[in-house]
Amino acid sequence: MNTEKDKECNRQALDFNIYFRHCGFSKIVVLQISLFSKNVQINNDANEELYRKIQEDRRVHLTPSAVHGKYFIRISMTSSNNNAASVENCWQIIKDIASQV
């Protein structure tokens, strides 16, 4: 579903593409994937433990963040080689490790 906010983000991405091409960059790829669930109760301690175990596992690289006291884990997939299988693999690794927390 394309909301007005999605359309605005796409327009901004196009503006960045034009700007950076003007600066001499030949290839600009803008990809953003944001996943969240409003139905999950955030438990900071569990998220921190999950992040620590994911980092120890070393199969995927994630970054921790905190906003308004809520600790969460961010996924950034910016390679132009990523595809649906990349996302599914990352999600499976996270689920496997989460089952151990």
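Values in this text are rule-based calculations from the coordinates and carry no lab data. Remember, it's a predicted structure, so these values are computed and weren't measured experimentally.
Before moving on, here are some points about what is shown:
- Equivalent ellipsoid dimensions for segment 49-101 as semi-axes, Å, which come from the Cα gyration tensor, largest first: 20, 15, 9
- Close amide H contacts of MET77 (hydrogens built in the peptide plane, cut-off under 5 Å, sequence separation of 5 or more or a different chain): ILE33.
- Amide H to amide H, with H built 1.01 Å from N, ASN82 comes under 5 Å of no residue 5 or more places away or on another chain.
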